[in-house]
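The values are calculated or read from the model by the stated rules, or taken from the named source; none is laboratory data. On a predicted model such as this, the values are computed, not experimentally measured, just so you know. As a convention, Cβ positions derive from the backbone with ideal geometry for all residues, glycine included, and neighbour counts pool all protein chains shown.
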């Protein structure tokens, strides 16, 4: 198994910035075993990723597994640019799409901790464009909301804001609500939010889990309440303090070479969908900051963010959130109304509630989410574990690798 001592040492530096040990480092197998994993069983994780690359169902990716803040796996597989045979690297940049939502959610909760608002507050108190909402009816027409749209609704995706599907689909289509989050969009987040607020909701506030643009509206609320652009707030309050230099809304020209190409599966064949050089994340203008889908990161950066959440809001002496806030975020708020990768939903993540309620390997209290580009993460407080796959596969066809890596990690955990 290719968990070389050098890779483990580099992982420690990249993920935890720990000082170098003076004693001789353990072998890779010893290091893995000491963290409760079977080296032999972890070979299954390597084999599954390698098989997808060998069968040309995946170009490449980066896999991270951490326990107690220490790397068990921190490894690059395959290529970031197949056509030019450029290997995937652990510092490769990835479009993280909906994994942006966790950062925006944390940004909002920072302001919540400062007493700037209550979660039950009406959104319209801070964003007046939402004062005269209508709710689309399945048979046509609209009705008034039965209650005010709240910030809690935005955080739990019960705000009636989809990505287009639902009774207001025609209105969404007419307004051009498709891939608007790309940085090439010429609107600002403020302009987009005001335009979006004029559309009917796809359902009554608080009644259904409807996944969509709610976190983007939340990002605008962060701007209004903080008085800062969303990208600057996230940088100054989250990514800079956590030492996540490669996480943001655009790629600097000097880093274009590190951005992975996007590949997709069409008819079972792997095809190039977008080169790094042609990406809107590179070529701007960078006016519209999508807190729901518009960010980029690296495996090392995002793993640090997840470790902060696992540590109940703190990493390397830097506290981003209070433990009670993280507890609130990772509790189930929907009581069975969420239907997805788990049996509950918190503030920004799916949450495992009851063994047998979630159908795959996992632990009560674990939480996570994924991305349209195929990355996936799981944070498991009871097992003190972070699992993260970073890759760029869109469309993903029928591939389940992003979910299987969770099973393949858990089955290797033996004590």
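Among the residues that make up the stretch 283-299, is at least one of them surrounded by 21 or more Cβ atoms within 10 Å (Cβ to Cβ), in contact with a strand residue (DSSP E or B) (Cβ under 7 Å, 6 or more places away or on another chain) and more than 17 Å from residue 260 (Cβ to Cβ)?
At the first step, the residues of the stretch 283-299 found to be surrounded by 21 or more Cβ atoms within 10 Å (Cβ to Cβ) are 288-299.
Applying the additional criterion that residues be in contact with a strand residue (DSSP E or B) (Cβ under 7 Å, 6 or more places away or on another chain) yields 295-299.
Subset that is more than 17 Å from residue 260 (Cβ to Cβ): none.
Checked against the condition, which is being surrounded by 21 or more Cβ atoms within 10 Å (Cβ to Cβ), in contact with a strand residue (DSSP E or B) (Cβ under 7 Å, 6 or more places away or on another chain) and more than 17 Å from residue 260 (Cβ to Cβ), the stretch 283-299 yields no hits at all.
Would you be able to tell me the number of residues in the stretch 298-320 that are over 15 Å from the mean Cα position of the chain (by Cα), within 30 Å of residue 392 (Cα to Cα) and in a loop (DSSP other than H, G, I, E, B)? Show your work before the answer.
The first filter runs over the stretch 298-320 and keeps only residues over 15 Å from the mean Cα position of the chain (by Cα), leaving 311-320.
Add one more test, that the residue is within 30 Å of residue 392 (Cα to Cα), and what stays is 311-316, 320.
Cutting the leftovers down to in a loop (DSSP other than H, G, I, E, B) gives us 311-313, 316, 320.
Total satisfying the criteria: 5.
Within the stretch 84-112, take every residue that is over 22 Å from the mean Cα position of the chain (by Cα) and outside any loop (DSSP other than H, G, I, E, B) and give me the one that is surrounded by the fewest Cβ atoms within 10 Å (Cβ to Cβ). Break it down into steps so the answer makes sense when it comes.
The first filter runs over the stretch 84-112 and keeps only residues over 22 Å from the mean Cα position of the chain (by Cα), leaving 84-87.
With the extra rule that they be outside any loop (DSSP other than H, G, I, E, B), the set shrinks to 86-87.
Numbers: 86: 17, 87: 12.
Checked the stretch 84-112; the qualifying residue surrounded by the fewest Cβ atoms within 10 Å (Cβ to Cβ) is 87.
Checking the structure you have, find out if any residue of the stretch 118-129 is part of a strand (DSSP E or B) and more than 26 Å from residue 42 (Cβ to Cβ). Break it down into steps so the answer makes sense when it comes.
To start, the set of residues in the stretch 118-129 that are part of a strand (DSSP E or B) comprises 122.
From what's left, more than 26 Å from residue 42 (Cβ to Cβ): 122.
The answer is yes; a qualifying residue exists.
Within the stretch 81-91, can one find any residue that is modelled with pLDDT of 95 or more and under 22 Å from residue 381 (Cα atoms)? Full working, then the answer.
The first filter runs over the stretch 81-91 and keeps only residues modelled with pLDDT of 95 or more, leaving 81-91.
Then drop every residue that is not under 22 Å from residue 381 (Cα atoms), which leaves none.
No, there is no match, as no residue in the stretch 81-91 is modelled with pLDDT of 95 or more and under 22 Å from residue 381 (Cα atoms).
So residue 73 clears everything in (1) touching a residue at least 60 places away in the same chain (Cβ under 8 Å); (2) outside the structural domain of residue 313 (by TED's automatic domain parsing) except one condition, right? Which one?
For residue 73, the exception is condition (2).
Since residue 187 meets every condition but one in (1) touching a helix residue (DSSP H, G or I) at 6+ places or on another chain (Cβ under 8 Å); (2) at pLDDT below 95; (3) farther than 22 Å from residue 281 by Cβ, which condition does it not meet?
Evaluating residue 187 over (1) touching a helix residue (DSSP H, G or I) at 6+ places or on another chain (Cβ under 8 Å); (2) at pLDDT below 95; (3) farther than 22 Å from residue 281 by Cβ leaves (3) as the failure.
Looking for whichever is part of a loop (DSSP other than H, G, I, E, B) and touching a strand residue (DSSP E or B) at 6+ places or on another chain (Cβ under 7 Å) here; the options are 160, 164. Which one fits?
Numbers: 164 fails: touching a strand residue (DSSP E or B) at 6+ places or on another chain (Cβ under 7 Å).
160 is the lone residue from the list that is part of a loop (DSSP other than H, G, I, E, B) and touching a strand residue (DSSP E or B) at 6+ places or on another chain (Cβ under 7 Å).
If we keep just the residues of the stretch 261-297 that are free of Cβ contacts under 8 Å to residues at least 40 places away in the same chain and part of a strand (DSSP E or B), which is nearest to residue 244 (Cα to Cα)?
274
Which of (1) in contact with a helix residue (DSSP H, G or I) (Cβ under 9 Å, 6 or more places away or on another chain); (2) closer than 19 Å to residue 335 by Cβ is the odd one out, the single condition residue 377 does not satisfy?
Condition not satisfied by residue 377: (2).
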